[in-house]
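Working notes, structure below.
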Amino acid sequence: MSAFDLQAKIPNNVNLGDDRRLQRALEQWQPRYLDWWQEMGPEGYQTKDVYLRTAIGVSGDDWAHYDYVKMPDYRWGIFLADQVPDRKVPFGDHMGEPAWQEVPGEYRNVLRRIIVTQGDTEPASVEQQRLLGQTAPSLYDLRNLFQVNVEEGRHLWAMVYLLHNHFGAEGRDEAEELLARRAGDQDKPRILDAFNQPCNDWLSFFCFTMFADRDGKFQLASLAQSGFDPLARTCRFMLTEEAHHMFVGDTGIERILRRSAQLTKLDPSGDARVQGGIDLNTVQKFINFWFSYCLDLFGSEVSSNAADFFGAGLKGRFDEEKRFSEHLALDQKLTLAMPKNGKLVNEDIELRNAMNEVLRQDYIDDCKSAVRRWSKVVQAEGVDFEVTLPSGRFHRHQGIYGGLHFDRDGEPISAEQFEAMRAEWLPTDADRAYLRSIMQPVMAPGQIANWIAPPKKGINGQDFAFEYVRF
Ligand SMILES: [Fe+2]
Ligand SMILES: [Fe+2]
């Protein structure tokens, strides 16, 4: 097991103290990271004590140590999951060769691109969420927001460590750029579109952590299979933190739906908005919006890049080693509905070229099980409403369906037909304004906003009424 140095300026389990050059480079990056955190991290609350989880180890209970921390004092560190002895490249053309501890020269550029693209999402989400503290529905939710934020900051550290340690001067430049781009900025936007979308209300936040962080789970899980061992170990540990982010999103949407159903029942005309809540249709529209944007994150359905990543052993399928018995993915096809002259025509695609779609389908299956659960929650409150996911072709901006128009069931329609339905399928400015109007901060322990139900239990065995943030 790797030794933990928690007293170091940068807590780590990678023997940073033995590599003075690397240590110095990262210690020079650290104050710039903290400047970024002050400028682009959560607005307000930086001097408040927040009940946060900090990793002080990677196994057992150590990775989840709870205490009051001021966010700028959070111990952002570099933690890799323990090395698997004699690990081999588990798939692709190099299958069975020893996993690489150094970057193979021929894959240097692609690997850097993969790491930068993953790394860019981490600070982006912090930037997108930076104003949400001002409208939190409870201290419990405020604390969860900050937990997600500090851990996304740690994920940035994880990627910057790989860039500094394995990619020389280019890697150091990329690490600077990761602090220079800004979510939603016209001139220097973040790399992926979903990470430039505004996330200024809590329904969006919960949809984001449900759908975008879940994309993160699938990306990290496929990179955790990588033949480049430091990347695999980094991603394996990030996945343990990611689980809480998805929990926040999944249960957040569930709590809104429960409350929405209750308020729908309560209102004589069945209108949750009259009761100051969020109507179920609006929740569905936000699900449509974020789900479709997050599907874009998987890349094009047909992609030679995806084939190259797989063939090279850099990025596997979801749980490649556990779920598949065959790891070459040669001489196999995936049938895809390809748009041709306004119609959909089935075409068989070489499996390696369809690897983005394979991962996206696993993601969609994962989302479906949550949606089924949510519908049961609504129906248990006595309201006849089914939450659904739109077709994977609906409202896409990237890939073979990007820029084309499909209805919620995935049937091709004209641009005019789509525009005529837009306000029914996707959040309108009025919807967003309404959400902002009802989202007033609730900052007393045990209190909660009217538009959301309280959680079933608190964090780390504490009550919901626990003082998660101290004023
Ligand atoms: Fe992350
Ligand atoms: Fe996350």
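Derivation of every value follows stated rules applied to the coordinates shown; laboratory data play no part. Please read all numbers here as calculations on a predicted model, not as lab measurements. Neighbour counts run over all protein chains shown; Cβ positions are idealised from the backbone, glycine included.
A few notes on this one:
- Rounded to the nearest 20, the Cβ-based charge dipole of segment 350-471 about its Cα centre (Lys and Arg +1, Asp and Glu -1) stands at 500 debye.
- The orientation-averaged projected area of the convex hull spanned by the Cα atoms of segment 269-376 comes to 10.3 nm².
- Sites listed here are GluC sites (Glu not before Pro) in segment 43-147 whose DSSP assignment is loop and whose Cβ has at most 14 other Cβ atoms within 10 Å: E43, E102.
- When the GluC sites (Glu not before Pro) in segment 295-330 are filtered for DSSP coil states and for at most 11 other beta-carbon atoms within 10 Å of their beta-carbon, the remaining sites are E326.
- Order by protection proxy (mean Cβ within 10 Å, highest first), peptides 68-81, 86-99: 68-81, 86-99
- Cβ-Cβ FRET estimate between Q30 and Q332, R0 fixed at 60 Å, reported to 0.05: 0.80
- Hydrodynamic radius of the chain per Kirkwood, over alpha carbon pairs, in Å: 23.3
- FRET efficiency, 1/(1 + (r/R0)^6) with R0 56 Å, evaluated for D271 and D82 via beta carbons: 0.55
- For the residue pairs K217/K368; K285/K368; K48/K456, alpha carbon separations beyond 19 Å are given by K48/K456.
- Net charge dipole, segment 236-330: roughly 360 debye, given to the nearest 20, about the Cα centre with Cβ charges of +1 for Lys and Arg and -1 for Asp and Glu.
- Dipole in debye (nearest 20) - segment 26-470, about Cα centre, beta carbon charges: Lys, Arg +1; Asp, Glu -1: 800
- Charge dipole (segment 26-470, unit charges on Cβ, about Cα centre) - positive-most of S222, V148, L26: V148
- The coefficient of translational diffusion for segment 126-168, derived via Stokes-Einstein from the alpha carbon Kirkwood radius under 20 °C and 1.002 mPa s, stands at 183 µm²/s.
- DSSP beta bridges in segment 26-470 [antiparallel fraction, %, rounded to 5]: 95
- Segment Q46-A64, extension gain: residue separation times 0.36 nm, minus the distance between their alpha carbons: 4.4 nm
- Average Cα contact separation per residue, segment 26-470, under 8 Å, 6 or more apart, as relative contact order %: 19
- Comparing V103, I438, T428 along the charge dipole axis of the chain, the residue lying farthest to the positive side is I438, per the Cβ-charge model.
- Here's the picture: charge each Lys and Arg Cβ at +1 and each Asp and Glu Cβ at -1 in the chain, and of F91, Q398, I256 the one pushed furthest to the positive end of that dipole is I256.
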